[in-house]
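Read the structure below first, then the notes.
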Amino acid sequence: MRVLVTGAGGFIGRAVVTRLGKGGFDVTALVHSDRTPIPGAARTLVGDITDKAFLEEALGGMDTVVHLAARKLDEPDSRAVNVGGMQNLIEAAKKTSTRILAISSASVKLAQPGLYGATKKEAEDLLVASGKNSLILRPSIVYGDDRYGAFATLVRAAQLPLIPMFGDGTWVSHPIYIDDLAEAIKRALERALPAQIYDVGGPEAVSLDTVLKSVRTILLQKPPPRIMHVSRRIGNALATVLALCMRKPPITKSNVAGSNQPISWEGSAFFKDFDFMPRTLAEGLHAMVERKRIEEARVLYTYIYSRSGTRSKPAPALLERYVRATLRSDLPILHPLLLSFPILIGPLDAATRLSSPESGLRKRLLIMSALVEADPRSVSWLYPRERQYLSVIAEAALLGISALVKILAGAIFALLPGFLKIYAR
């Protein structure tokens, strides 16, 4: 089956493209600007869903389009993209006989939706009125990455010692792990389900307070939080100010509206027709922890190998051993700043050798060093071999310069109040 995925460069889009590609689908990824290859995509198109001619050309020869492209942060062009884009997609799909699988949102059920929920509801209504044999999925909160989207905002909030919460915290959702949503979309394509609207989510009804507590204790591995409930009026005022100051604010009026109104949810049809039961919130958060530990292992492996003069990728078995070892050692996940900027690990390595020999970073580096030494592929690097005199001197000089830079940078980090305690924990 040939599938076009709009919004393929986004958080959900990349997961869907990867899952469909592994499932044997011929996937074309439609992105707005970035041509970065997406695993699972046979090809990538760069374009805009507000361009009718482009969409019609993109849908040529496609059996189905999975429509994910949308504006989510109450941007000025939200209606043009969310509603106008759907209208263009419907018209193009009619000409090319392409079926539409639209990924909507549970926020369309709000009695007083924000701009995002209102425009997604308008888009749904257009698709239903078109008479197309199409499917609509309404996911609840989608989680799985702590860097992007509404869930990332919750993770950042959960890191605070006192967490501000807009509303009384009793608002209920059915959080669904990103891999499970991608699997649901794959099953929807495989089963060729008739035109219908499905509520999609996890098996539990979870309050917002519970989500924050679970994120803090499981994902961040910190004590249960203290939550301060803030009125909706204050939340809207803050969202208005942030919208004026930031292009992509962490809090929008749609977020505030969504966390203060109940949403009816009926998932029995989804569980039955898709023959699928997503993970619970706790199971999904534990999966996130394991994924982050594997990412951490790759970063530390690359750092240790950086002066070897060779290129090597860690074997899956080595990554699994690292995960098991860090879990047994009860080490928290490496700070997100170090995962995003691994260049900081060198200076922190130098700084902690003298000032914090018992730090979590040193323990992690020792674990990874032991695993690298035991890895047969490291023999070519670690085993003594004949070298030319000049090459040894040159390599020693480079290592010395590199060490000096790390020591100087590390000394600066060590002088910053609390820096090592936070980032080398």
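The values are calculated or read from the model by the stated rules, or taken from the named source; none is laboratory data. Since we're looking at a predicted model, the values are computed, not measured. With ideal geometry, Cβ positions are generated from the backbone for all residues, glycine too; neighbour counts draw on all protein chains shown.
The residues listed here are A41, A8; of these, the one that is in a loop (DSSP other than H, G, I, E, B), closer than 16 Å to I100 by Cβ and touching a helix residue (DSSP H, G or I) at 6+ places or on another chain (Cβ under 8 Å) is A8. Residue check: A111 meets all listed conditions (1) within 18 Å of the chain's Cα centre (by Cα); (2) part of a loop (DSSP other than H, G, I, E, B) but one, namely (1).
If you go through the range 310-325 and keep only what is in contact with a helix residue (DSSP H, G or I) (Cβ under 6 Å, 6 or more places away or on another chain) and either under 19 Å from D349 (Cβ atoms) or in contact (Cβ under 8 Å) with a residue 60 or more places away in the chain (or both), you end up with T310, S312, P314, Y322, A325. Looking only at the range 58-93, filter to residues that are of a type outside the set (D, E) and under 21 Å from the mean Cα position of the chain (by Cα); which one of those is farthest from L242 (Cα to Cα)? Step by step, filter the range 58-93, then rank; the result is V66.
Table: residues versus (1) surrounded by 11 or more Cβ atoms within 10 Å (Cβ to Cβ); (2) at pLDDT 85 or above; (3) under 19 Å from I294 (Cα atoms).
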position: S355; (1), (2), (3): yes, no, no
position: S359; (1), (2), (3): yes, yes, no
position: S378; (1), (2), (3): yes, no, no
position: S391; (1), (2), (3): no, no, no
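Where helices (runs of 4 or more DSSP H) sit wholly within the range 250-340, those with at least 2 residues that are surrounded by 15 or more Cβ atoms within 10 Å (Cβ to Cβ), at pLDDT 90 or above and of a type in the set (A, V, I, L, M, F, W, C) occupy 268-274, 281-305, 316-328. Yes or no: the range 82-103 includes at least one residue that is surrounded by fewer than 18 Cβ atoms within 10 Å (Cβ to Cβ), at pLDDT below 90 and more than 24 Å from A192 (Cβ to Cβ). The answer is no; no qualifying residue exists.
Taking the condition of being crowded, with 19+ Cβ neighbours inside 10 Å and in a strand (DSSP E or B), how many residues in the range 152-164 meet it? Residues flagged as crowded, with 19+ Cβ neighbours inside 10 Å and in a strand (DSSP E or B) within the range 152-164 amount to 1.
Look at the range 79-93: where a residue is in a helix (DSSP H, G or I) and a partner is of a type in the set (D, E), sitting 6+ places away or on another chain with Cβ atoms under 6 Å, you get V83/E122; A92/E56.
For every residue, the table says whether it meets (1) in contact with an Asp or Glu (Cβ under 9 Å, 6 or more places away or on another chain); (2) closer than 24 Å to R147 by Cβ.
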{"site": "R19", "(1), (2)": "yes, yes"}
{"site": "K22", "(1), (2)": "no, yes"}
{"site": "G85", "(1), (2)": "yes, no"}
{"site": "T98", "(1), (2)": "yes, no"}
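One residue is enough: does the range 165-173 have a residue meeting the conditions under 30 Å from E91 (Cβ atoms), in the same structural domain as I12 (by TED's automatic domain parsing) and part of a strand (DSSP E or B)? So far as the range 165-173 goes, no, none of its residues is under 30 Å from E91 (Cβ atoms), in the same structural domain as I12 (by TED's automatic domain parsing) and part of a strand (DSSP E or B).
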